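Each remark here refers to the structure printed beneath this line.
The values are calculated or read from the model by the stated rules, or taken from the named source; none is laboratory data. No experiment lies behind these values; they were computed from the predicted model shown. Counting neighbours? That spans all protein chains shown, and the Cβs are built from the backbone with ideal geometry, glycine included. The accessibility values were calculated without ligands, DNA or RNA, using every heavy atom of the protein model including side chains. Shrake-Rupley method; radii C 1.70, N 1.55, O 1.52, S 1.80 Å.
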Amino acid sequence: MTTPTSSPTPNEPNGKGPLDGAVVAVAGAAGPAGRAVLLRLAEAGATVIASDADPARLAEAVDAARYAHGGATVTGDTVDLLDLRAAREWADRTEKEFGRVDGLVHLVGGWRGGKTFADAPLADWDTLHNLLIRTAQHTSLAFHDALLRSGKGRYVLISAAGASQPTAGNAAYAAAKAAAEAWTLALADSFRKLGDEGGPAAAAVILVVKALVHDAMRAERPNAKFAGFTDVKELAEAIAGLWDRPAREVNGTRLWLTPKP
């Protein structure tokens, strides 16, 4: 008798799931979360187009995904996502080369914070505005039409629980995350309005975490509990699973990967 652990999951290549043959772009792909996502998407049979501002780290992440899944198509492209024209060129180039774009995963991150509200430097807002909001604006505008043409497009934003329950020392970070969420929900409304009686042709989804944790963090702090944190592998699994559900079910939703506050 076959056990559940030996059966292919919907997104495994030999299961011919919805990601098999899909083309997915990943922005901010060189960090621990990006590496986990590249590995999971490649495992599911997707062609993965990775981007990051750090070419050396990006090359390492791409090579790791290729090595782990021989035969997988994983490419790296250094793109300035603060430049809308560059983002549009990346989207157009990807669709032209691979014939379609089925997803954009936004993993561009950054954090600034302090101890008190009164001492919060407004320069933090400038930094976070570019990292968290502007890159989301540019990628969503650049990939909007291609995701609709796909018929199964997904735009995925990673947000933080603090966006809905900001603290005094994290005012700029929480405000930037909340703004990026609002922009993504507006994208979801665009997909909804451009859909038909069967629902939208694409979906914009927000995944909410408290914070992320990975193996190196656990090795550095073996006694830490990381309560409420989401492992980057769990995040990658949740992202891959978004193609298992119809666009109408996930479009415009905030899916929590940590307990709600």
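Quick notes on this one:
- Options GLY31, ALA68, VAL213, ranked by Cα towards positive dipole end of the chain, top entry (Cβ charges): VAL213
- For the range 138-152, backbone phi angles converted through the Karplus equation (6.51, -1.76, 1.60; θ = phi - 60°) give residue-by-residue couplings of 5, 5, 5, 5, 5, 9, 3, 5, 5, 5, 5, 5, 4, x, 9 Hz, Gly and Pro being listed as x.
- Those chymotrypsin sites (Phe, Trp or Tyr not before Pro) in the range 178-261 that DSSP places in a loop and that have at most 16 other beta carbons within 10 Å: PHE226
- By definition, a body whose alpha carbon gyration tensor gives a ≥ b ≥ c is prolate when a/c is 1.5 or more and a/b is larger than b/c, and the range 10-81 fits this prolate description.
- Mean accessible surface per residue for the chain, computed with a 1.4 Å probe while every protein chain stays in place, in Å²: 48 Å²
- Highest to lowest packing among 21-30, 118-127, scored as the average C-beta count within 10 Å: 21-30, 118-127
- Between the range 246-261 and the range 69-119, the C-alpha centres lie 21 angstrom from each other.
- Heavy-atom accessible area for TYR173, with the other protein chains in place and a 1.4 Å probe, reaches approximately 40 Å².
- Label assignment, mean projected area of the Cα convex hull in nm² derived from the structure, set (1) 13.1; (2) 15.7; (3) 19.6: (2)
- Beta bridge orientation in the range 23-256: antiparallel %, DSSP, nearest 5: 5 percent
- Cleavage-rule hits (trypsin sites (Lys or Arg not before Pro)) in the range 52-150: DSSP loop, at most 12 neighbouring Cβ within 10 angstrom: LYS115
- Rolling a 1.4 Å probe over the protein heavy atoms of the chain, with every protein chain left in place, gives an accessible area that is 54 percent carbon and sulfur.
- Helical content alone sets the calculated 222 nm signal of the chain at -12500 deg cm²/dmol, taking -39,500 (n - 2.57) per DSSP H segment of four or more residues and averaging over every residue.
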